[in-house]
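Just below is one structure, and these are the notes that go with it.
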Amino acid sequence: MHLIRRTSFIILSSLFISASLAQTPVSNNAPPTGSAPARAGSVLKTVALIMGEPNYSIDGGYEELEEGLYSQPELLPGERMLAPLNAIILGLGGEAELDPAQQTARFTLNGKTLLLKAGQTTVRVGNSDVQADIAPQWRNANLWVSAHWVFDQFGAYSKWDKTRQRYTASLILPAGNKVAGVAKGGPVVESNLDKQDAAFWASAEGRKVAGVIIGYQNADGGWPKLERDASLTVPVNRAALSGFKAKSTIDNDATTKQLKALAAAYRSHPDEVIRASIDRGLDYLLSAQQPSGGWQQYWPAPQGYKSHITFNDNAMANVLEVLRDVAQLRDDFAFVSPVQAKRASVAYDTGLALILRTQIRIGSKRTGWCAQYDVENLQPAMGRAFELPSISGGESVNVVRFLMSVEKPAPEIVQAVQDAVAWLDSAKLSGLKRARREDRTLEYGFDFVMEKGNSDDVTWARFYDLQQGKPLFSARDSKPRSRFEEVSYERRVKYNWFTTEAAPLLKQEYPAWVQRNGLKSVLTKRN
């Protein structure tokens, strides 16, 4: 306990000293003691940036430094880190305004405002001019600034870890709606929203949840992506959703899950407010479809890889399943208008054609699908920095499942399924398994290795190369690797490079599909 109090006092002292140097008024009250450095009505927030990482974290929660652009901080002489900070400032509950014409950024946080301009070390801090250590630079329509210097102005306690090449800034911020985050936990959360039955939606609690869903719908008709444990029994704190986190998306079941939930709620308890929200959501999906027939991960105005046509996490299939139900006036969507049903039918057919068009070939053989495709030329594209253009051992399974859900499949759909199943069967890795090895000398206390297993151990690589169909690995440097052991330690333990999703598909789902449609299995000779 004495050590904790001493540590808290040291951090507080450093914060107050830093605040004084930054010309920030310091309270004369004695700093509190305890396990965390905080004042009444204040919260402690810690920001971290790591060299070679295109992300930042706030209290351990990672987000992209620049949405979809793979941007990584740059280390300058004097161990000063240059990075774009507008997303971080917003994430801390502050304000960040960019002016591309003037190449300036205005940051407001902790009661102080900074006006920075590209190429100039003179920074307007409140009503005074202060000299920065490094002149900001204008890159990618964003202002890159000295992270250490900027956070010092806001009263941060900054630290540079040379071994980990990691910069951290700890700040005491006024408690408020923006920094409170989204409420977590409760009986209905984002992850189990689609598990609620008709009786729930007919109940008072169900109508309350429907109101919460409508409450965080965006003006464009879509919904933003929430964490899996976000509570949906209390209003979502929209003020805590900043930057691209507030944008509409189909990633992680967003928008499609809310539409299905509201349709179930409307069927159990017809209400014009719910109906109007559903109409806006359907209009969003129909408007977001690209001329090729696909949907981007984020829309409108996505950046970088988030503009790709996305099969990842079943995004395309989720949209098409909703549109199929709408087009066929099926179940909870039986109430939609004939005009909506017709539009949905056309969009569904166009999307289905895109899936067939994008099946990847190696030579004359058709295989699986990439997790995402370039929105313009429909070529396999890179996702995050370590997700290279490839044939996906995971997303291909989701695509096959969707194609197998088509009633009375046309010959081209049947052939696509047969070819993909044959490829998945040939791509399996038998007699191997991923094992966890405890090692307290490592940063995370363990490592993952691939080791020999028995004949029942079957897995698939998450990615296969486009030339030969062999397992493909990478890291945050985006360089291809052929062996799992060559992946950097952080990506080896923080990302799952293998999947077993194809196992139940080949063993149960595909044989049932073959029998249901009176077809011959392509696995007969193999198994």
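The values are calculated or read from the model by the stated rules, or taken from the named source; none is laboratory data. Keep in mind that what you see is a predicted model, and the values were worked out from it rather than measured. All Cβ positions, glycine included, derive from the backbone under ideal geometry; neighbour counts span all protein chains shown. With ligands, DNA and RNA removed, areas are computed over all heavy atoms of the protein, side chains included. Shrake-Rupley method; radii C 1.70, N 1.55, O 1.52, S 1.80 Å.
Just want to confirm a number: the relative contact order over the range 192-321, from Cα pairs under 8 angstrom separated by 6+ residues, in percent. Don't skip to the end; give the middle numbers.
On the way: 168 pairs, mean separation 34.0, N = 130.
About 26 percent, as a whole number.
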#### Entry: Magnitude of the charge dipole, the range 312-380, Cβ model with Lys/Arg +1 and Asp/Glu -1, debye to 20
360
### Task
Taking amide H positions as placed in the peptide plane 1.01 Å from N, state which residues far from Glu66 in sequence (5 or more) or on other chains have amide H under 5 Å from it.
Ser71
### Query
So what's the projected area for the range 64-110, the Cα convex hull averaged over all directions, in nm²?
4.3
### Query
Longest exposed-loop-site-free stretch of the chain, with GluC sites (Glu not before Pro), DSSP loop and at most 13 other Cβ within 10 Å?
80-375
### Placed amide H near Ala385: partners under 5 Å, 5+ positions off or other chain
none
#### Entry: Ser231 long-range amide H proximity, modeled H, under 5 Å
Ala183, Lys184, Gly185
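What is the range 249-395's relative contact order, in percent, from Cα pairs under 8 angstrom and six or more apart in sequence?
Working: 206 pairs, mean separation 32.4, N = 147.
The normalised contact order for the range 249-395 reaches 22 percent.
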### Message
Could you work out the pair-distance distribution P(r) of the range 111-169 from its alpha-carbon pairs, with 5 angstrom bin width and percents rounded to whole numbers?
### Response
4, 18, 25, 23, 18, 9, 3, 0
### Query
How large is Rg over Rh for the range 28-173, taking Rg from the Cα atoms and Rh as the Kirkwood inverse mean of 1/r across Cα pairs?
0.96
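Roughly how many debye, to the nearest 20, is the charge dipole of the chain about its Cα centre, given +1 on each Lys and Arg Cβ, -1 on each Asp and Glu Cβ, and no other charges?
On the way: 62 positive and 56 negative charges, 145 e Å.
Its charge dipole is roughly 700 debye.
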### Query
Which is farthest toward the positive dipole end of the range 323-455 among Trp423, Ala347, Gly368, measuring Cα position about the Cα centre, with Cβ charges +1 (Lys, Arg) and -1 (Asp, Glu)?
Trp423
### Task
Express the relative contact order of the chain as a whole percentage, based on alpha carbon pairs under 8 Å and six or more residues apart in sequence.
9
### Summary
Taking every C-alpha to C-alpha distance in the range 375-527 and binning by 5 Å from 0, the per-bin percentages run 2, 8, 17, 18, 18, 14, 11, 7, 4, 1, 1, 0
### Message
Treating only the Cβ of Lys, Arg, Asp and Glu as charged (+1, +1, -1, -1), what charge dipole size does the range 241-294 show about its Cα centre? Round to the nearest 20 debye.
### Response
120
### Query
Viscosity 0.692 mPa s, temperature 37 °C: Stokes-Einstein D of the range 287-360 from its Kirkwood Cα radius, in µm² per second?
256
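Taking R0 as 56 Å, what FRET efficiency do you get between Ser42 and Gln515 from their Cβ-Cβ distance, rounded to the nearest 0.05? Could the numbers behind the result be given before it?
On the way: r = 64 Å, r/R0 = 1.15.
FRET efficiency, Ser42 to Gln515: 0.30.
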### Message
Helix-only mean residue ellipticity at 222 nm, the chain, DSSP H runs n ≥ 4 weighted -39,500 (n - 2.57), per residue, nearest 500. What is it?
### Response
-9000 deg cm²/dmol
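Please compute the per residue accessible area over the range 261-329 with all protein chains in place, 1.4 Å probe, rounded to a whole number of Å². Don't skip to the answer; put the middle values down first.
Details: 2270 Å² over 69 residues.
Per residue, the range 261-329 has 33 Å² of solvent-accessible surface.
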### Task
Have a look at Ala198, Trp460, Ala175 and report the one farthest towards the positive end of the charge dipole of the chain, computed about the Cα centre with Cβ charges (Lys/Arg +1, Asp/Glu -1).
Trp460
### Message
So if each residue of separation counts as 0.36 nm, and I subtract the Cα-Cα distance between Asp425 and Ser191, what length gain in nm does that give?
### Response
81.1 nm
### Spread of Cα-to-Cα distances over 10 Å intervals beginning at zero, given as percent, for the range 241-375
12, 41, 31, 13, 2, 0
### Message
Not counting ligands, DNA or RNA, and with a 1.4 Å probe, what is Asp220's accessible surface area in Å² rounded to the nearest 10?
### Response
60
### Message
Among Pro270, Ser396, Ser42, which residue has its Cα furthest toward the positive end of the charge dipole of the chain, with +1 on Lys/Arg Cβ and -1 on Asp/Glu Cβ?
### Response
Ser396
### Message
Need the C-alpha centroid separation for the range 80-126 versus the range 231-266, integer Å.
### Response
30
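Average the reciprocal distances over every distinct pair of alpha-carbons in the chain, invert the result, and give the Kirkwood radius in Å.
Numbers: mean 1/r = 0.0387 Å⁻¹.
The Cα-based Kirkwood calculation yields 25.8 Å.
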